[in-house]
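The values are calculated or read from the model by the stated rules, or taken from the named source; none is laboratory data. Treat the numbers as computed from the prediction; the structure is a model and nothing was measured. Cβ sites come from the backbone with ideal geometry, for glycine too, and all protein chains shown count toward neighbours. Areas reflect the complete protein model, heavy atoms only, side chains present, ligands, DNA and RNA absent. Shrake-Rupley method; radii C 1.70, N 1.55, O 1.52, S 1.80 Å.
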Amino acid sequence: MTSPPAPRAVTGAADLRPVRAHPPDLRLAGFAVALWVAALASLYLSARTGLILGGGTLIAGAAIALLREPQGLRSSTGPRSSTGPRSSTGPRSSTGPRIQAGPRGPRGGAGRWLVAAVLLGAGCGAVATAVRVGVRDAGPLVALVEAGATVDADLVVRDDPRALPGSPGLPPTYLVAVDLTSVSPESGPRLRLTARALVLGSDPAWRPLLPGQHASVTGRLHAPRGGDLRAAVLSVRNAPRLQGRSSWTQRAAGALRAGLQRACAPLNDDVGGLLPGLVVGDTSRLDPALEEDFRATGMTHLNAVSGANVAIILGVVLCAMRWTRAGPPLIVLVCAVALLGFVILARPSPSVVRAAAMGAIGLIGLAAGRPRAALPALAAGVAVLVVLDPELAGDVGFALSVLATGGLLLLAPTWRDALRRRGWPGIAAEALAVPAAAQVACGPVVAGISGSVSLVAVPANLLVVPAIAPATLCGVSAAVLSPVWPVGAEFAAWLGHWPARWLVVVATYGARVPAGALPWPGGVLGGLLLAVVTLGLLIAVRRPLIRRLVAVVSLGAVLGTLPVRLVAAGWPPPRWLIVTCAVGQGDAVVLPAGVGRAVVVDAGPEPTPVDHCLRRLGVRQVVLFVVSHFHVDHIGGVAGVFRNRSVLGVITPDWAEPPGGRAAVAARAAGARVPMLAVGPGWSYAVGGLELTVLGPNEALHGTNSDPNNNSLVLRVRVAGRTLLLPGDAETEEQQELLNHLGPAAVRADVLKVAHHGSAYQLPEFLDAVDPAVALVSVGVGNDYGHPNASLLARLSRGGARVLRTDQGGDLAAISTRTGLAVVARGDPPP
């Protein structure tokens, strides 16, 4: 019987070192990051400057890479013994400390190669971008753009047309990314070229165009905004003149996308608009307010095609192929075909290209059989994509996708393993580590864009993890089935609407969490600041003591500051009489009508600001929605008033102009089955201790400076023993008409919502008759109208009024106190 081998003696100190996991392979990361940054900077430089800087950095990088190391560092300080094989049980013998040599060189050599890689990457990025900028700034086209010339142009559509919302009742404007192939001015030769451009088309014929479609148009050239590769903006009023058809792949994709929209049509607006966004990034039907909720909860990446979509599709294919026991080459081939099909379905737009690149990186890792190959593959993919299309360097979605993937590769495995060592189940550890890593990696970019750090993003993304895959798979099934089995497609969409409904619930309620986002400096500096803080914390918490300290401080900050924010915010303030919402350049006024109930006067220009104002006030039911007049800055946000709350009635003035505004309000009321009534002077309404009376206009005014403004409903409100006056946008003519018919006493009020955003068209006698103690001005930051008028504000102040503006104080509330009236500013003005 053979005895077991004796244990090997361990005599070398080096053998006692613990075995460590391989560190991430970062050799290409410096090259890719430098290339990315240089490409972004070069988008804002001239082609000549970019070439000079790029050439200089390439020469410097090549010189450092070819620089020979000093001979003394290439060998050990003493001769190496070669009298026999080195013993594995004894210590190494040498005449002195030896510097390890090899292909990578010593530590100094590693640093030299890192510097060389950074310089070479910066040079490649600058040169590649400068070449494309040179095409963008081609002389003849630049001259036509600077002259604002009207041209006939041949173009190729690059992406799906995107509808921009216009004024209520007016058709949308379509934003279309195109490649110009030729431009012919009214006088001069036709220019043959290849340049990117943006078309602003007002004709509905732009909507059904597919990528790859050739067309001819007549329009006027305008200068682009800069910072990208677009050479011009082309404003086109007429329909495009089509030339041929787009490719069969694009037509097939268009049919599938249209079929998905048809399958989702029976679903309600929230889910029916979200499901196509989850599958193919089609957000044309998505409610803007819901999109804002996704942004507030850090879930906006779900509304666009991302690497997650690709991962879900490829995950299902992988499971199916492994069930068949197929080998790695066949698995990679089938996954590549599925990836190509998904790209065709979702369109090869920048977001789809980056998502496909992330999926391709996963395929490379699978084919190589080396997990450590994923990070170099990510760096290589970033470098290749930016060189091929330098415009991606400035694309926020591209940055978020790359950062999220990097977080999943670098942070998520470490955090998952740490949680598992502490007893967490594998599935729970994975579910927490993945969204947390992605959120931490993307945090600096999100903070720079939004000017805030979300506290609900990680919990919200964690809650929706189980629903993302089923919703996406059901949506893809609906798209694929739609051409051959429409009923089956509708059934698949119906199945998918259940997990999608959970996403809507999480986003809606997550956005309503008080103090769910902490303020943070915005812009590039704010993003860099959070990046430095995040990196410092990630490095520091590797030490157990610092990790415990950070955990205690973070927990204390949350438990200590969050209740303070909830209590100290004090919004809405107690005994509030009126709130003027900060909705930008427009009006939205809220009057209390009981717990969770209110009367709302006007809705501002956009749905999201008024919706958020009502949320902050806890308004769940609008007992009456009053339209002072139908200008877009008063009714553009009507959808926000109706969103997720009941509206019992709508009143409007008799003056129905502009007709598009009235049609928009009527359509919203009809869709919600809410009665709508045109009222005149003397009409009154009472609810929950609030009394509202219409004072004017007494008769329709014609030929004034603005007839819609001068036919605004003027309201007098009594609440808690105080009088409020809401004159809409009434100008001097209507103000004089009120004084003539009612007399000064009828307009006397404690609180005045200043008419027409504080414009100069105010009657001094009217202001003297009102004689308010508080004057609230609803006005947008940096508006082009010169509102509010400085002389008007000075006159109100001299009359004893406390004057506050929404562009400076955010939401404004007048409150009743034991000693009189007071005003509270929420301090969160819109950007």
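Taking the criterion of being open to solvent by 20 Å² or more (accessible area, probe 1.4 Å), more than 20 Å from PHE398 (Cα to Cα) and either hydrophobic (A, V, I, L, M, F, W, C) or touching a helix residue (DSSP H, G or I) at 6+ places or on another chain (Cβ under 6 Å) (or both), the only residue of the stretch 432-452 that qualifies is LEU432. Exactly one residue out of ALA163, ALA143 is under 30 Å from ALA666 (Cβ atoms), modelled with pLDDT of 80 or more and open to solvent by 30 Å² or more (accessible area, probe 1.4 Å), and it is ALA163. Could you tell me whether VAL665 is open to solvent by less than 20 Å² (accessible area, probe 1.4 Å) and assigned to a strand (DSSP E or B)? So VAL665 fails the test. If you scan the stretch 266-285, which residues turn out to be open to solvent by less than 10 Å² (accessible area, probe 1.4 Å), over 19 Å from LEU164 (Cα atoms) and not aliphatic (A, V, I, L, M)? The one that is open to solvent by less than 10 Å² (accessible area, probe 1.4 Å), over 19 Å from LEU164 (Cα atoms) and not aliphatic (A, V, I, L, M): GLY272.
Listed here are the residues, each with its yes/no results for (1) open to solvent by less than 30 Å² (accessible area, probe 1.4 Å); (2) modelled with pLDDT under 90; (3) of a type outside the set (Lys, Arg).
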| site | (1), (2), (3) |
| --- | --- |
| LYS753 | yes, no, no |
| SER759 | yes, no, yes |
| PRO764 | no, no, yes |
| VAL770 | yes, no, yes |
| ALA794 | no, no, yes |
| ARG802 | no, no, no |
| THR806 | yes, no, yes |
| GLY820 | yes, yes, yes |
| PRO830 | no, yes, yes |
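Residue-level check: of (1) among the polar types (S, T, N, Q); (2) farther than 19 Å from LEU713 by Cα; (3) within 40 Å of the chain's Cα centre (by Cα), SER797 misses just (3).
Screening ALA263, ALA258 for residues that are in a helix (DSSP H, G or I), surrounded by fewer than 20 Cβ atoms within 10 Å (Cβ to Cβ) and modelled with pLDDT of 85 or more leaves exactly one candidate, ALA258.
When we screen VAL777, VAL717 for residues that are touching a residue at least 12 places away in the same chain (Cβ under 8 Å) and crowded, with 24+ Cβ neighbours inside 10 Å, the only hit is VAL777.
Note on the stretch 780-792: residues that are open to solvent by less than 60 Å² (accessible area, probe 1.4 Å) and of a type outside the set (S, T, N, Q) amount to 5. Filtering VAL310, VAL280 for residues that are closer than 30 Å to VAL332 by Cα, in contact (Cβ under 8 Å) with a residue 60 or more places away in the chain and either in contact with a Leu (Cβ under 8 Å, 6 or more places away or on another chain) or among the acidic types (Asp, Glu) (or both) leaves a single hit, VAL280. Condition check for LEU392 on (1) hydrophobic (A, V, I, L, M, F, W, C); (2) open to solvent by 40 Å² or more (accessible area, probe 1.4 Å); (3) assigned to a helix (DSSP H, G or I): one failure, at (2). Screening the candidates GLU731, GLU737 for the property of being over 37 Å from the mean Cα position of the chain (by Cα), closer than 17 Å to ASP587 by Cα and surrounded by 19 or more Cβ atoms within 10 Å (Cβ to Cβ) yields one hit, GLU731.
Of VAL127, VAL135, all but one fail to be open to solvent by 20 Å² or more (accessible area, probe 1.4 Å) and touching a helix residue (DSSP H, G or I) at 6+ places or on another chain (Cβ under 6 Å); the exception is VAL127. Looking across the stretch 689-714, just one residue is of a type outside the set (Asp, Glu), open to solvent by 60 Å² or more (accessible area, probe 1.4 Å) and touching a strand residue (DSSP E or B) at 6+ places or on another chain (Cβ under 8 Å), and that is GLY689. Of the residues making up the stretch 211-254, those that are among the aliphatic types (A, V, I, L, M) and open to solvent by less than 50 Å² (accessible area, probe 1.4 Å) are ALA215, VAL217, LEU221, LEU229, ALA231, ALA232, VAL233, LEU234, VAL236, ALA239, ALA252, ALA253. Here are ASP152, ASP179: which of them is over 30 Å from PRO658 (Cα atoms), open to solvent by 50 Å² or more (accessible area, probe 1.4 Å), not in a helix (DSSP H, G or I) and not β-branched (Val, Ile, Thr)? From the options ASP152, ASP179, the qualifying one is ASP152. Identification of helices (runs of 4 or more DSSP H) wholly contained in the stretch 419-537 with 1 or more residues that are more than 23 Å from the chain's Cα centre (by Cα) and under 25 Å from LEU400 (Cα atoms) yields 426-450, 457-481. Within the stretch 453-473, being open to solvent by less than 30 Å² (accessible area, probe 1.4 Å) and within 24 Å of ALA320 (Cα to Cα) holds for ALA467, ALA471, THR472.
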